[in-house]
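Participant: For reference, the structure I am asking about is given below.
The values are calculated or read from the model by the stated rules, or taken from the named source; none is laboratory data. Keep in mind it's a predicted model, so treat the numbers as computed, not measured. We place every Cβ from the backbone using ideal geometry, glycine too, and count neighbours over all the protein chains shown. Heads up: the accessible areas ignore ligands, DNA and RNA and are worked out on the full protein's heavy atoms, side chains in. Shrake-Rupley method; radii C 1.70, N 1.55, O 1.52, S 1.80 Å.
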Amino acid sequence: MAAPDELFCWEGDWGLPSVSTDCLVVLAYAQFAGAPLKLKKMSNPWRSPSGLLPTLRTNQKENLTRPSDIIIHLRKQKYNADLDLSAKEGADSLAFISLLEEKLKPALIYTFWVEPKNYVDVTRRWYADHMPFPLNFFLPGQMQRGQLERLRLLRGDESLESGEELEKELYRDATECLNLLSQRLGSHKFFFGDTPSSLDAFVFGHLAPVLRSKLPNGKLQQHLKTLENLSSFCSNVLLLYFPRDGREGGGLKASSPPPPPEGGDFDHVPNKRRKQVLSALAALGAMLSYALLTGMVSIQQEALEEPPDPEPIGGEGEAGEEIH
């Protein structure tokens, strides 16, 4: 029997199985389709085979990182959550998924990665608190730049500038999309009856972080909470398929990532990034050596003195910042 495919994704928080929209889409689809994946949750993307999250490592050693590609692969393996959809329902599903990508996704990127208070108080803080040192110093900023580029591509505007006009336009499109989704769902349990499909996975992945995170600027969140059927939909998916709130459900076989070897997390860095980090360290060492040799920096030696009496250490210790 072939080994199950491995799914690497961001770990969970806020009562969700993952904080990442793309990871939530894949996790939900895998649960809906009953795909027996070996799940590995982490807070260091450099420990995934591709250096990205999510990543599906197939038993043929192929790495898939886009949710759509992962879903196509699972369908080829006979794990198809859309098997019972009619031709019309299949077409409607594709249309609404395209609507999500075009109208809602840009507003979500803006909400979490561009809006200043949300980014500083929630997004950057979460990733900085959960990533290992020293990645937490520069990876959140690198991820933000990647999301900004993604927003430019979705908008088709290379000179994208943040501001009130952009925010109003993005939130107007997102509100329209949410209203259409609410009308389509109606009083049903899922979008096409009593069985979840790929559309349900995409909607859950996009809406659940907005509902569950504590955003200082929650304009989109406030509107979403007024659409009670969409809020109930997300709660039902969590209750039925992720009952332990952010921990592994029954359909996915979970395992913790192996402890890092003596070399630490940098042994898992893809070769290009490893070379960049090592080059930076080497350059820093060279600059310090040059400064010492040229007298720009001097080390003064002082006679050893008897150390003063030790003072009592205060009770304050280091602690990670709590996400509010």
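Participant: Test Leu83 against the criterion of being hydrophobic (A, V, I, L, M, F, W, C), in a loop (DSSP other than H, G, I, E, B) and under 22 Å from Cys9 (Cβ atoms), and give yes or no.
Facilitator: Numbers: hydrophobic (A, V, I, L, M, F, W, C): yes; in a loop (DSSP other than H, G, I, E, B): yes; under 22 Å from Cys9 (Cβ atoms): no.
In short, no.
Participant: Tell me yes or no: at least one residue of region 84-92 is touching a residue at least 12 places away in the same chain (Cβ under 8 Å) and touching a helix residue (DSSP H, G or I) at 6+ places or on another chain (Cβ under 6 Å).
Facilitator: Within region 84-92 (the criterion being touching a residue at least 12 places away in the same chain (Cβ under 8 Å) and touching a helix residue (DSSP H, G or I) at 6+ places or on another chain (Cβ under 6 Å)), the answer is no, since none of the residues qualifies.
Participant: Related question: Across region 201-235, what is the number of residues that are out of contact with any His (no Cβ under 8 Å at 6 or more places or on another chain) and not in a helix (DSSP H, G or I)? Break it down stepwise before answering.
Facilitator: Taking region 201-235 first, the residues out of contact with any His (no Cβ under 8 Å at 6 or more places or on another chain) are 201-213, 215-235.
Now restrict to residues that are not in a helix (DSSP H, G or I): 213, 215-218, 227.
Number of matching residues: 6.
Participant: Report the residue count in region 182-200 for those that are assigned to a helix (DSSP H, G or I) and more than 23 Å from the chain's Cα centre (by Cα). I'd like the intermediate steps shown before the answer.
Facilitator: Initial filter on region 182-200 (assigned to a helix (DSSP H, G or I)): 182-185, 198-200.
Next cut, more than 23 Å from the chain's Cα centre (by Cα) only: 182-185.
Looking only at that region, the number is 4.
Participant: I'd like the full set of residues that are touching a Phe, Trp or Tyr at 6+ places or on another chain (Cβ under 6 Å) and either closer than 16 Å to Ala208 by Cα or assigned to a loop (DSSP other than H, G, I, E, B) (or both), limited to region 35-73.
Facilitator: Going residue by residue through region 35-73, those that are touching a Phe, Trp or Tyr at 6+ places or on another chain (Cβ under 6 Å) are 35, 40, 48, 53, 55, 71.
If the condition is that a residue be touching a Phe, Trp or Tyr at 6+ places or on another chain (Cβ under 6 Å) and either closer than 16 Å to Ala208 by Cα or assigned to a loop (DSSP other than H, G, I, E, B) (or both), then Ala35, Ser48, Leu53 are the ones that fit.
Participant: Looking at this structure, is Asp129 in contact (Cβ under 8 Å) with a residue 60 or more places away in the chain, closer than 26 Å to Ser197 by Cα and of a type in the set (Asp, Glu)?
Facilitator: No; evaluated as a whole, the condition is false for this residue.
Participant: Same structure, new question: List every residue pair whose Cβ atoms sit under 7 Å apart, with the two residues 6 or more apart in sequence or on different chains, where the first one lies in region 209-226 and is more than 20 Å from Ser20 (Cβ to Cβ) and the second, anywhere, is part of a helix (DSSP H, G or I) and among the hydroxyl-bearing types (Ser, Thr, Tyr).
Facilitator: As it stands, the answer is Lys219/Tyr171; His223/Thr175; Lys225/Ser231, since those pairs meet every condition given.
Rundown of residues vs (1) hydrophobic (A, V, I, L, M, F, W, C); (2) under 26 Å from Asp194 (Cβ atoms); (3) surrounded by fewer than 19 Cβ atoms within 10 Å (Cβ to Cβ); (4) touching an Asp or Glu at 6+ places or on another chain (Cβ under 6 Å), yes/no style:
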position: Trp10; (1), (2), (3), (4): yes, no, no, no
position: Val19; (1), (2), (3), (4): yes, no, no, yes
position: Ala33; (1), (2), (3), (4): yes, yes, no, no
position: Trp46; (1), (2), (3), (4): yes, no, no, no
position: Arg66; (1), (2), (3), (4): no, no, yes, no
position: Asp82; (1), (2), (3), (4): no, yes, no, no
position: Lys88; (1), (2), (3), (4): no, yes, yes, no
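Participant: If you don't mind, another one. Conditions: (1) part of a helix (DSSP H, G or I); (2) touching a Gly at 6+ places or on another chain (Cβ under 8 Å). Ser18 meets all but one. Number of the miss?
Facilitator: Of the numbered conditions (1) part of a helix (DSSP H, G or I); (2) touching a Gly at 6+ places or on another chain (Cβ under 8 Å), the odd one out for Ser18 is (1).
Participant: From (1) of a type in the set (A, V, I, L, M); (2) modelled with pLDDT under 60; (3) open to solvent by 20 Å² or more (accessible area, probe 1.4 Å), pick out the condition that doesn't hold for Leu240.
Facilitator: The one condition Leu240 does not meet is (2).
Participant: Within the group Ser93, Ser98, which residue is open to solvent by less than 30 Å² (accessible area, probe 1.4 Å), modelled with pLDDT of 95 or more and under 19 Å from Phe204 (Cα atoms)?
Facilitator: Details: Ser98 fails: open to solvent by less than 30 Å² (accessible area, probe 1.4 Å).
After applying the criteria, what remains is Ser93.
Participant: Which condition does Ala33 not pass, out of (1) touching a helix residue (DSSP H, G or I) at 6+ places or on another chain (Cβ under 9 Å); (2) free of Cβ contacts under 8 Å to residues at least 60 places away in the same chain; (3) farther than 18 Å from Arg75 by Cβ, if it passes all the others?
Facilitator: It is condition (3) that Ala33 fails.
Participant: Could you check region 120-130 and list, in sequence order, the residues that are open to solvent by less than 10 Å² (accessible area, probe 1.4 Å) and aliphatic (A, V, I, L, M)?
Facilitator: Val122 - this is the single residue of region 120-130 that is open to solvent by less than 10 Å² (accessible area, probe 1.4 Å) and aliphatic (A, V, I, L, M).
Participant: So Lys117 fits all but one of (1) under 26 Å from Ala201 (Cα atoms); (2) open to solvent by 30 Å² or more (accessible area, probe 1.4 Å); what number is the exception?
Facilitator: Going through the list (1) under 26 Å from Ala201 (Cα atoms); (2) open to solvent by 30 Å² or more (accessible area, probe 1.4 Å), Lys117 breaks only (1).
Participant: Of all residues in region 140-195, count the ones that are exposed (fewer than 13 other Cβ atoms within 10 Å of the Cβ), touching a residue at least 12 places away in the same chain (Cβ under 8 Å) and among the polar types (S, T, N, Q).
Facilitator: Number of matching residues: 1.
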